[in-house]
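Student: This is the structure I want to talk about, given as structure tokens.
The values are calculated or read from the model by the stated rules, or taken from the named source; none is laboratory data. This one's a predicted model, so the numbers in the text were calculated from it and none came from an experiment. For neighbour counting, all protein chains shown are included, and Cβ atoms are generated from backbone atoms with ideal geometry for every residue, glycine included. These accessible areas exclude ligands, DNA and RNA; they are computed on the full protein's heavy atoms, side chains included. Shrake-Rupley method; radii C 1.70, N 1.55, O 1.52, S 1.80 Å.
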Amino acid sequence: MSAAAEAPWWKGAAIYQIYPRSFADSNGDGIGDLAGITARLDYIASLGVEAIWLSPFYPSPMDDFGYDIADYEGVDPIFGTLADFDALVARAHALGLKVTTDLVFAHTSDRHAWFAESRASKDNDKADWYVWADAKPDGSPPTNWQSVFGGPAWTWDARRGQYYMHNFLGSQPQLNVHNPEVQDALLGVVRFWLDRGVDGFRIDAINFSMHDPELRDNPPAPPSNKVRTRPFDFQQKIHNQSHPDIPIFLERIRALTDQYPGSFTVAEVGGDDAVREMKLFTAGERRLNSAYGFDFLYADRLTPQLVREAAEQWPDTPGIGWPSWAFENHDAPRALSRWTPEGVDAAAYARMKMALLCALRGNIILYNGEELGLDQVEIPFELVKDPEALKNWPLTLSRDGARTPLPWAAGETHAGFSAVDPWLPLGAAHGALAVDRQQDDPASLLNLTRQLVALRAAHPALRIGRDARWIAEGDLLVFDRIADGEHIRCLFNLGGGTIDVAAHGAGGVPVVALNGADPAHLSPCGALWLKFEGTN
């Protein structure tokens, strides 16, 4: 049996991220919901992806739009009911789609029942379920730790006469995941959703899940040329996160998910030490299946050197984990707006970008609307909802511009997303990119995405093959993918000139040729997948 046939379903998979608020509104309140997703699952299945990933849909006050969870085992009424979720899972499975969900285990909402009990006194059953600490003698916070969203990572609570810790908003108190009882409760959450048919989880901000119990101050960050917009940027984050016991908890998660054959786990890991932590969290066969970071999500430019360096951090070596890659998500500006070089056609660049993503070794994650070529929407300040942007305006770019509603039908009200004003405005240029405009256009990015995802799935070299023979010179990127006796060379021009690639393409049979590329030349934004005989 071939290596590709023996691989688990998730290895090399294409996964489609859905931001529920902005995908499809079924009940006319301007906010996307689970029933809207279910009604559009046929569309997602037509992309050829193996799985969907749902951003949070749990009960929440929505201070951070669902990443502040008030109940891990429910559905917020704006998104529907548990019955709606069950219907979504059933329909997805009928279409051959796996379902993965977001789990946020570093913190909860301050509206969670666990926190209500924990803050009530210093000696109740959940008193140690969150991170509490006494004030310093002068009344100031216990440490100098700063929150990601701005300001100290501590808030005074008069009920307990102590500070509680929060790495993000003050309404997102930090769980004390060092506590075995907390771990047991979180594992109960994992089991709840697995028993409901979920196939896997993306675990949000997992490197924030454990702190230094000695409450030591963070040292200052070394000088940098990067603009520092938040107090958080002025520190080395070594004591408020990334505790060495985190992998032990991840092993408990993996031991549980292994009881459900085919389950998949992927960690989201950001920060200055992300690569080391991603490898740590996925090392061997007892931790998470995969991890992804922000190599591309926050990159101002896409360069051959960036792609090569990111990929080469994950060699095909025993004990090294399996990477996942995303060019876009709900936390980062749309890639086309960040990366398209001046004077280069954005539509051509989008085609090349999609071919590059589909050629990478690892899992690939498509963010809803990426297959349509959506760009970043400029949201005026008076309509901004993103709490981080509101705290740090105008130096922090609003995440709202990547969270705008999906355009389904160009001629309908709000492009078919909702019959009423949506929670965020649609992009002015997005109607022309609507699904109905692209659906029957063989030259559209939507249909190209379907073709590329299908080719990736059909070729073992692209799905699970190893990398070889990297070239990153100027705007030229070349790498080989090899598996099961199959050899495919991938060539990309990330710039606006023409590149002679005759020496690299001779003898290769084109599998994909985009934007006028051929085995001798890469035109601007040209992309080639060439198949060679043998595995040289």
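Student: Given the DSSP H assignment, sum -39500 (n - 2.57) over each helix run of at least 4 residues in the chain and divide by its residue total; what's the result at 222 nm in deg cm²/dmol, nearest 500?
Tutor: Calculated mean residue ellipticity at 222 nm is -6500 deg cm²/dmol.
Student: If you don't mind, another one. Can you tell me the length gained on complete extension of the stretch D42 to I248, counting 0.36 nm per residue apart and subtracting the Cα distance?
Tutor: 70.2 nm
Student: Related question: Among residues other than A120 whose Cβ falls under 11 Å from its Cβ, what is the net charge (Lys/Arg +1, Asp/Glu -1)?
Tutor: That works out to +1.
Student: List the relative contact order of segment 276-370 as a percent without decimals, with contacts defined as Cα pairs under 8 Å and 6+ residues apart.
Tutor: That works out to 31 percent.
Student: If you don't mind, another one. So, with +1 on the Cβ of K and R and -1 on the Cβ of D and E, and no other charges, what is the size of the charge dipole of segment 258-384 about its Cα centre, to the nearest 20 debye?
Tutor: 420 debye
Student: Something else about it: At q = 0.10, 0.19 Å⁻¹, what is the log10 ratio I(q)/I(0) for segment 179-294, with the Debye formula run over Cα points and no solvent?
Tutor: Cα-only, vacuum Debye calculation for segment 179-294: -0.35, -1.02.
Student: State the volume of the convex hull built on the alpha-carbon positions of segment 496-536, expressed per residue in Å³ and rounded to an integer.
Tutor: So the per-residue Cα hull volume is 58 Å³.
Student: Now, a different point. When Lys and Arg each count +1 and Asp and Glu each count -1, what net charge do the other residues less than 15 Å away from P61, Cβ to Cβ, add up to?
Tutor: Taking every Cβ under 15 Å from that of P61, the sum is -3.
Student: Right, another one. Can you compute the modelled spin-label distance between D134 and W470, with each label point 7 Å from Cα toward Cβ, in nm?
Tutor: 5.2 nm
Student: Does anyone have the angle between helix 246-257 and the longest principal axis of the chain? Alpha-carbon axes, 0 to 90°, nearest 10?
Tutor: 70 degrees
Student: Let me have the relative contact order for segment 92-236, percent, based on Cα pairs under 8 Å that are six or more residues apart.
Tutor: Averaging sequence separation for qualifying contacts and normalising by length gives 29 percent for segment 92-236.
Student: Another question, if that's okay. Charges only on Cβ, +1 for Lys and Arg, -1 for Asp and Glu: so what's the dipole of segment 93-152 about the Cα centre, in debye to the nearest 20?
Tutor: So the dipole magnitude of segment 93-152 works out to roughly 220 debye.
Student: Is the shape of segment 325-461 best called rounded, prolate or oblate, per the rule: a/c under 1.5 gives rounded, else a/b larger than b/c gives prolate, else oblate, with a ≥ b ≥ c the square roots of the Cα gyration tensor eigenvalues?
Tutor: Oblate shape, in that a/c is at least 1.5 and b/c is the bigger or equal ratio.
Student: Which of the trypsin sites (Lys or Arg not before Pro) across segment 243-308 are loop residues per DSSP, with 11 or fewer other Cβ within 10 Å?
Tutor: Passing both the DSSP loop test and the Cβ count: R301.
Student: Shifting gears a bit: Output the Kirkwood hydrodynamic radius of segment 385-438, Cα pairs only, in Å rounded to one decimal.
Tutor: 12.0 Å
Student: Counting just the Cα atoms, what span does the chain cover along each of its three principal axes? Round to the nearest Å and put the largest first.
Tutor: Principal extents (largest minus smallest coordinate, Cα): 73, 51, 48 Å.
Student: Probe radius 1.4 Å, ligands and nucleic acids ignored: give me the carbon and sulfur share of the accessible area of segment 452-511 as a rounded percent.
Tutor: Carbon plus sulfur share of accessible area: 53 percent.
Student: To the nearest 20 debye, what is the magnitude of the charge dipole of segment 323-394 about its Cα centre, counting +1 on the Cβ of each Lys and Arg and -1 on the Cβ of each Asp and Glu?
Tutor: 280 debye
Student: If you don't mind, there's one more thing I want to ask. Over the chain, what is the mean sequence separation of C-alpha contacts under 8 Å (at least six apart), divided by residue count, expressed as relative contact order in percent?
Tutor: Result for the chain is 13 percent.
Student: Taking all protein chains in place and a 1.4 Å probe, what share, in percent, of the accessible surface of segment 315-382 do carbon and sulfur account for?
Tutor: Ligands and nucleic acids excluded, carbon and sulfur give 51 percent.
Student: Return one whole number: the accessible area per residue of segment 127-209 in Å², for a 1.4 Å probe.
Tutor: Result: 31 Å² of accessible area for each residue.
Student: On to the next question. Shape of segment 7-76 from its Cα gyration tensor (a ≥ b ≥ c, root eigenvalues): rounded if a/c is under 1.5, otherwise prolate when a/b > b/c, or oblate?
Tutor: It is oblate, given that a/c is not under 1.5 and a/b is not larger than b/c.
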